[in-house]
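**Student:** Got a structure for you, written out below as structure tokens; questions coming shortly.
The values are calculated or read from the model by the stated rules, or taken from the named source; none is laboratory data. In this text, all values refer to a predicted model and were calculated from it rather than measured experimentally. Glycine gets a Cβ as well: all are built from the backbone with ideal geometry, and neighbour counts include every protein chain shown.
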Amino acid sequence: MSDVLHELERTTYLQTLAPQMLSGPIQGMLLRLLCQLHKPKSILEIGTFTGYATLCMALGTDDDAHIKTLEVNPELRYISDAAFQKSGLQHKIESITTDAVKYVAKHPGKYDLVFIDAGKIHYSTYYDLIFDQVNPHGLIIVDNTLWSGKILETKTDRVTKSLRAFNAKAHDDPRVESLILPFRDGLSILRKL
Ligand SMILES: C[S@@+](CC[C@H](N)C(=O)[O-])C[C@H]1O[C@@H](n2cnc3c(N)ncnc32)[C@H](O)[C@@H]1O
């Protein structure tokens, strides 16, 4: 399996325009470990990209787990589909090409873990949309919440402001326990009470 992940990382760097969006081996291992510890049966990922994090979560879950992963860009699908097929874990993965904002509102589900890793200006929207779809004690994991440290500076661009607003919302939400892991680009882990 490490071969499939290594090849996927290489293909992503060779064939996509922003390969740094990929979770990569260390964050992938953390996602896998969190799945092994939490044992989610149903996962929603918002932002598949080339499927690296999807595969890491699939590796950490039991055989009857289901991962629904949403990606708006149809041009990435040939990469993620090929990797899912090679991994032997495809039976756990449902890949949907769609705009997550529209999809999540129209297709409510029940999830033990949600990984939010798509358009940063929509983080608060994703959070509000999925919140009632997360089971009690479920996890919401959110990537890039430190945004290269910009959230701590005086930057006022739209993305930084949106991430600051999301972090404040998560911190002040009495329905969750939350922390920002100062790891990579900042990974928030929220546990629904
Ligand atoms: C940071 S990448 C995801 C990385 C992936 N989760 C991983 O760990 O390897 C973000 C992805 O979200 C997708 N995206 C952006 N807005 C979206 C939306 N509204 N709905 C679905 N996907 C979206 C982008 O096309 C991009 O591929």
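**Student:** Could you grab the pairs with beta carbons closer than 7 Å, sequence gap of 6+ or different chains, first residue in the range 157-184 and without any contact (Cβ under 8 Å) to a residue 60 or more places away in the chain and closer than 18 Å to Val134 by Cβ, second one surrounded by fewer than 12 Cβ atoms within 10 Å (Cβ to Cβ) and not small (Gly, Ala, Ser)?
**Tutor:** Short answer, once both residue conditions are applied: Arg175/Leu193; Val176/Leu193; Glu177/Leu193.
**Student:** Return the pairs, sorted by first residue and then second, in which the second residue is more than 9 Å from the ligand (Cβ to nearest atom) and basic (Lys, Arg), the first residue lies in the range 52-67 and is assigned to a strand (DSSP E or B) and modelled with pLDDT of 95 or more, the beta carbons are less than 8 Å apart, and the residues are 6+ apart or on different chains.
**Tutor:** His66/Lys41; His66/Lys92; Ile67/Lys92
**Student:** Give the residues of the range 9-35 that are under 16 Å from Asn73 (Cβ atoms) and either of a type in the set (Ser, Thr, Tyr) or buried (at least 16 other Cβ atoms within 10 Å of the Cβ) (or both), sorted by residue number. If you could, list the steps in order and put the result at the bottom.
**Tutor:** Taking the range 9-35 and keeping what is under 16 Å from Asn73 (Cβ atoms), we get 11-12, 15-22.
Of everything in the range 9-35, those that are under 16 Å from Asn73 (Cβ atoms) and either of a type in the set (Ser, Thr, Tyr) or buried (at least 16 other Cβ atoms within 10 Å of the Cβ) (or both) turn out to be Thr11, Thr12, Thr16, Pro19, Met21, Leu22.
Listed here are the residues, each with its yes/no results for (1) of a type in the set (A, V, I, L, M); (2) assigned to a loop (DSSP other than H, G, I, E, B); (3) under 17 Å from Pro40 (Cβ atoms); (4) under 14 Å from the mean Cα position of the chain (by Cα).
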| position | (1), (2), (3), (4) |
| --- | --- |
| Leu113 | yes, no, yes, yes |
| His122 | no, no, no, yes |
| Tyr126 | no, no, no, yes |
| Leu129 | yes, no, no, no |
| Pro136 | no, no, yes, no |
| Ile141 | yes, no, yes, yes |
| Thr145 | no, yes, no, yes |
| Ser148 | no, no, no, no |
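**Student:** May I pose another question? Give the residues of the range 120-129 that are within 9 Å of the ligand (Cβ to nearest atom) and closer than 25 Å to Gly60 by Cα, sorted by residue number.
**Tutor:** Tyr126
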